[in-house]
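The values are calculated or read from the model by the stated rules, or taken from the named source; none is laboratory data. Keep in mind that this is a model prediction, so the values were computed, not measured. Glycine gets a Cβ as well: all are built from the backbone with ideal geometry, and neighbour counts include every protein chain shown.
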Amino acid sequence: MNSALQQMVRDCQSWTDKGKVADYIPELSKANPSQLGVSITQLDGTEFYAGNSRDLFTIQSISKVSNFLLALEDKGYEALKHQIGVLPTIRGFNSILELDIENEHKPLNPFINAGAMVTLTFIKGKNNDEKFSRVINFMSQMMGEELSINEAVYQSERETGNRNRALAYYMKSTGILTEDVESLLDLYFKICSVQVHCGHISRFAAVLANQGRDLNNEMSLIKPYHCRVAKAIMANCGMYDASGEFAVKVGLPAKSGVGGGIMAIASGKMGIGVMGPALDTRGNSMGGWQLLERISDHYQLSIY
Ligand code: GLU
């Protein structure tokens, strides 16, 4: 499989020239746009990889999946659904239009910024430091390695994240958020800046493909029902407002982040992690998307 993946990376390399690295978080603009990597983890833990598969990038919105899973494990779907919808993303990941104005201004779904912030309020912990420890430990457990944050990216987003600040204060004004906004934002920014590589992402995806069971010892890390809920929402909302097109072209539940990563899940088969910091206008990795199209075609993975 490694040589097939190497060939796919070569075939997709030119796509990295067509995108642009995210620069609205200044530190992210330092990323190398020509990077492109992929990792596949099978359910027995076997890994295959090619390209820049072990280069670190920040997890950004892919963390919204682990946050959501932890919140589900802590409070259950019935509790979350009153505060967060499962409607498709319509206008970018950080738009004020991500709030459902006809429905108490609830965030449309948990995989856009507003929804992720509300999700964090459901995670147990006596304060946000304790919540952060729980989140990073949960991620580390699923990704098979102890993770840490990229301090420069965290500080950069903390200094410049005014759109998220605006979204959070708006939600506080409507009563969707009741917490201290600055402390919640700090938690949100810190989680987005956790550093990962494609292997971490593919391992996490493989745990979801394995219905929440650890790949080594089959211990249950996430309830199967919560995996199902998260994957269903990923399939509908995981690729920002390009989720419909992604369903047609790739056909797998997936989540992308502006750090250039995308995780994709082939249930019962494998987890896939790709990275390529050059993004399209909607915030999805251009090379990463192309790689996923080829992988899905080659191994006939589309769920549709
Ligand atoms: N930290 C980023 C933000 O809030 C995450 C966005 C993303 O990856 O979609 O803007």
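Could you list, in sequence order, the residues of segment 30-62 that are surrounded by fewer than 18 Cβ atoms within 10 Å (Cβ to Cβ), within 16 Å of the ligand (Cβ to nearest atom) and under 10 Å from Met275 (Cα atoms)?
Across segment 30-62, the qualifying residue is only Leu56.
Give me the pairs: first residue in segment 49-69 and free of Cβ contacts under 8 Å to residues at least 12 places away in the same chain, second residue hydrophobic (A, V, I, L, M, F, W, C), beta-carbon distance under 6 Å, and six or more apart or on different chains, which are they?
Taking only residues 6 or more apart or on different chains, not a single pair turns up.
With the checklist (1) closer than 25 Å to Thr119 by Cβ; (2) in contact with a strand residue (DSSP E or B) (Cβ under 9 Å, 6 or more places away or on another chain) in hand, flag the one item Ile295 doesn't pass.
(1)
Using beta carbons and a limit of 7 Å, which pairs, at least six apart or on different chains, have the first residue in segment 83-105 and closer than 17 Å to Asp280 by Cα and touching a residue at least 40 places away in the same chain (Cβ under 8 Å) and the second one among the small types (Gly, Ala, Ser) and buried (at least 17 other Cβ atoms within 10 Å of the Cβ)?
Qualifying pairs under 7 Å: Thr89/Ser243; Phe93/Ser61; Phe93/Gly283.
Looking at (1) surrounded by fewer than 22 Cβ atoms within 10 Å (Cβ to Cβ); (2) in contact with a strand residue (DSSP E or B) (Cβ under 9 Å, 6 or more places away or on another chain); (3) among the hydrophobic types (A, V, I, L, M, F, W, C); (4) under 27 Å from Asn150 (Cβ atoms), which one does Ala114 not meet, given that it meets all the others?
Every listed condition holds for Ala114 apart from (1).
Being not in a helix (DSSP H, G or I) and not hydrophobic (A, V, I, L, M, F, W, C) is the filter here; which residues of segment 67-88 pass it?
Gly76, Lys81, His82, Gln83, Gly85, Pro88
Cβ-Cβ below 6 Å, separation at least six or inter-chain, first residue in segment 173-197 and without any contact (Cβ under 8 Å) to a residue 40 or more places away in the chain, second of a type in the set (Asp, Glu): which pairs?
These pairs meet every condition: Phe189/Glu157.
Does Val153 count as out of contact with any Asp or Glu (no Cβ under 9 Å at 6 or more places or on another chain) and within 16 Å of the ligand (Cβ to nearest atom)?
Considered against the rule, which asks whether it is out of contact with any Asp or Glu (no Cβ under 9 Å at 6 or more places or on another chain) and within 16 Å of the ligand (Cβ to nearest atom), Val153 comes out as no.
Quick test for you: out of Ser256, Ser285, Ser302, pick the one residue that is among the polar types (S, T, N, Q) and farther than 20 Å from Ile25 by Cβ.
Ser302
Matching residues to (1) away from the ligand (no atom under 16 Å from the Cβ); (2) within 24 Å of Gly259 (Cβ to Cβ); (3) of a type outside the set (D, E, K, R); (4) modelled with pLDDT of 95 or more:
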site: Val196; (1), (2), (3), (4): no, yes, yes, yes
site: Ser202; (1), (2), (3), (4): yes, yes, yes, yes
site: Ala205; (1), (2), (3), (4): yes, yes, yes, yes
site: Asn216; (1), (2), (3), (4): yes, no, yes, no
site: Pro224; (1), (2), (3), (4): yes, no, yes, yes
site: Arg228; (1), (2), (3), (4): yes, no, no, yes
site: Ala232; (1), (2), (3), (4): yes, no, yes, yes
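Of all residues being assigned to a helix (DSSP H, G or I) and β-branched (Val, Ile, Thr) in segment 227-256, which is farthest from Leu108 (Cα to Cα)? Just the residue, please.
The qualifying residue farthest from Leu108 (Cα to Cα) is Val248.
Would you mind finding the one in Ile222, Ile233, Ile201, Ile262 that is out of contact with any Pro (no Cβ under 9 Å at 6 or more places or on another chain) and over 17 Å from Leu301 (Cβ atoms)?
It is Ile222.
Out of the residues in segment 211-226 meeting the condition of being touching a residue at least 40 places away in the same chain (Cβ under 8 Å) and part of a helix (DSSP H, G or I), tell me which one is farthest from Gly283 (Cα to Cα).
Only one residue tops the list, namely Tyr225.
How many residues does segment 237-271 contain that are more than 16 Å from the ligand (Cβ to nearest atom) and either touching a residue at least 60 places away in the same chain (Cβ under 8 Å) or crowded, with 24+ Cβ neighbours inside 10 Å (or both)?
Within segment 237-271, residues that are more than 16 Å from the ligand (Cβ to nearest atom) and either touching a residue at least 60 places away in the same chain (Cβ under 8 Å) or crowded, with 24+ Cβ neighbours inside 10 Å (or both) number 10.
Of the residues in segment 139-150, how many are in contact with a Leu (Cβ under 6 Å, 6 or more places away or on another chain) and either without any contact (Cβ under 8 Å) to a residue 40 or more places away in the chain or surrounded by fewer than 19 Cβ atoms within 10 Å (Cβ to Cβ) (or both)?
The number of residues fulfilling the criteria is 1.
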